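Notes for the one structure printed next.
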Ligand code: TRP
């Protein structure tokens, strides 16, 4: 708790271009939660280097992501929006928690298996201990809730296991966090392969709508979206492409499945695609113009970055000092 509010922590990686899936599935939910909780939204740039990055590109993307958090409606005066690498307590706690995490546990992480298959030439120790750094992010802030995608479920479970193990030895040091998976239906699939999640690392750029895509590109991608040969607009498992289009439309317009089905009753796929494309253009327009406006104000952004790193550092160091004391590190001389 901070004051009378529960604490929320979440983060995103600054790699790849964020997609409509990231926005509708995650960011938009974050904005809804931001009044209820004391929120920490981190740009997890330290996680990003588990895969080789171009330095200039990483720096640019990290700033773009931080800007996007604000443009999406997270008030940076109320929500602590910051870079992980600006708060050294993340790495320090990660080292400590590495000593409370078993090789066997980390070996079971499916994301590690997937990523090592994908980056077979660079299976580094950081990739293996990635979940420990993530646990540190969360536990440093004594977070009560962590909104994440379902793909992060295993990482949340290991975070809870590490925290419980530590508490079992040293007393109640860490709050045990609860995952928050958001509403079903917000999961957006690839426009080219509706069996796959829309992903920023997709090799086929036509499968994903990027948040900074211009209107023509967005409409073109929807026109090319993969559907089926059923020829009718229904919301069911047998028509995953159509269902995905309906889900996107619902998320952008706030309409229910029934309303959407009524609206397109007897109409063709072409009409549906155009309507969905336009709803996405409308959804992204204000976001894009906010990104542009905020990016231009360098002094404002720099101020936010500085103040929030200090605020995050204050809370993070409080937990870190407590942990250091518990495990028997010598006291600091003041
Ligand atoms: N691993 C998360 C992802 O790829 C990102 C992340 C890092 C995160 N630290 C976190 C998410 C802490 C929630 C809380 O999506």
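The values are calculated or read from the model by the stated rules, or taken from the named source; none is laboratory data. Note that this is a predicted model, so its numbers are computed, not measured. When we count neighbours, we look across all protein chains shown, and the Cβ atoms used for this are built from the backbone with ideal geometry, even at glycine.
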Taking the range 149-177 as the region of interest, how many residues are within 12 Å of the ligand (Cβ to nearest atom) and at pLDDT 90 or above? 8
Kindly indicate the residue of the range 289-334 that is modelled with pLDDT under 95 and touching a helix residue (DSSP H, G or I) at 6+ places or on another chain (Cβ under 9 Å) and also nearest to residue 163 (Cα to Cα) among those meeting that condition. 331
For the range 141-165, name all the residues that are in a helix (DSSP H, G or I) and within 19 Å of residue 315 (Cα to Cα). 159, 163
If you go through 52, 59, the only one that is surrounded by fewer than 21 Cβ atoms within 10 Å (Cβ to Cβ) and assigned to a helix (DSSP H, G or I) is 59
Hey, residue 207 under 25 Å from the mean Cα position of the chain (by Cα) and closer than 30 Å to residue 15 by Cβ or not: yes
Taking the range 271-291 on its own, how many of its residues are free of Cβ contacts under 8 Å to residues at least 12 places away in the same chain and either surrounded by 12 or more Cβ atoms within 10 Å (Cβ to Cβ) or farther than 18 Å from residue 214 by Cα (or both)? 2
Answer yes if at least one residue in the range 125-139 is within 30 Å of residue 225 (Cα to Cα) and within 13 Å of the ligand (Cβ to nearest atom), and no otherwise. no
I need the full set of residues from the range 1-26 which are within 12 Å of the ligand (Cβ to nearest atom) and assigned to a loop (DSSP other than H, G, I, E, B), in order please. 13, 14, 15, 16, 18
Segments classed as helices (runs of 4 or more DSSP H), wholly inside the range 230-314, with at least 2 members that are over 28 Å from the mean Cα position of the chain (by Cα): 257-263, 269-296
Of the conditions (1) crowded, with 16+ Cβ neighbours inside 10 Å; (2) away from the ligand (no atom under 11 Å from the Cβ); (3) under 28 Å from residue 39 (Cβ atoms), the single one that residue 95 does not satisfy is (1)
Please go through the range 36-80 and give me each residue that is within 14 Å of the ligand (Cβ to nearest atom), under 21 Å from residue 141 (Cα atoms) and touching a residue at least 60 places away in the same chain (Cβ under 8 Å), ordered by number. 37, 40, 42, 44, 46, 47, 80
So residue 108 ticks every box in (1) within 14 Å of the ligand (Cβ to nearest atom); (2) more than 22 Å from residue 39 (Cα to Cα) but one. Which box is left unticked? (1)
Among the numbered conditions (1) within 13 Å of the ligand (Cβ to nearest atom); (2) in contact with a helix residue (DSSP H, G or I) (Cβ under 8 Å, 6 or more places away or on another chain), tell me where residue 29 comes up short. (2)
Can you report the number of residues in the range 212-227 which are modelled with pLDDT of 95 or more and touching a helix residue (DSSP H, G or I) at 6+ places or on another chain (Cβ under 8 Å)? 11
Can you find even one residue in the range 63-81 that is farther than 23 Å from residue 208 by Cα and not in a loop (DSSP other than H, G, I, E, B)? yes
Hey, does the range 21-36 have a residue that's surrounded by fewer than 22 Cβ atoms within 10 Å (Cβ to Cβ), more than 17 Å from the chain's Cα centre (by Cα) and at negative phi? yes
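For the range 109-134, how many residues meet the condition of being touching a residue at least 40 places away in the same chain (Cβ under 8 Å) and either surrounded by 12 or more Cβ atoms within 10 Å (Cβ to Cβ) or in contact with a strand residue (DSSP E or B) (Cβ under 9 Å, 6 or more places away or on another chain) (or both)?
The total comes to 11.
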Condition met for residue 216 (without any contact (Cβ under 8 Å) to a residue 40 or more places away in the chain, part of a helix (DSSP H, G or I) and closer than 19 Å to residue 72 by Cα): no
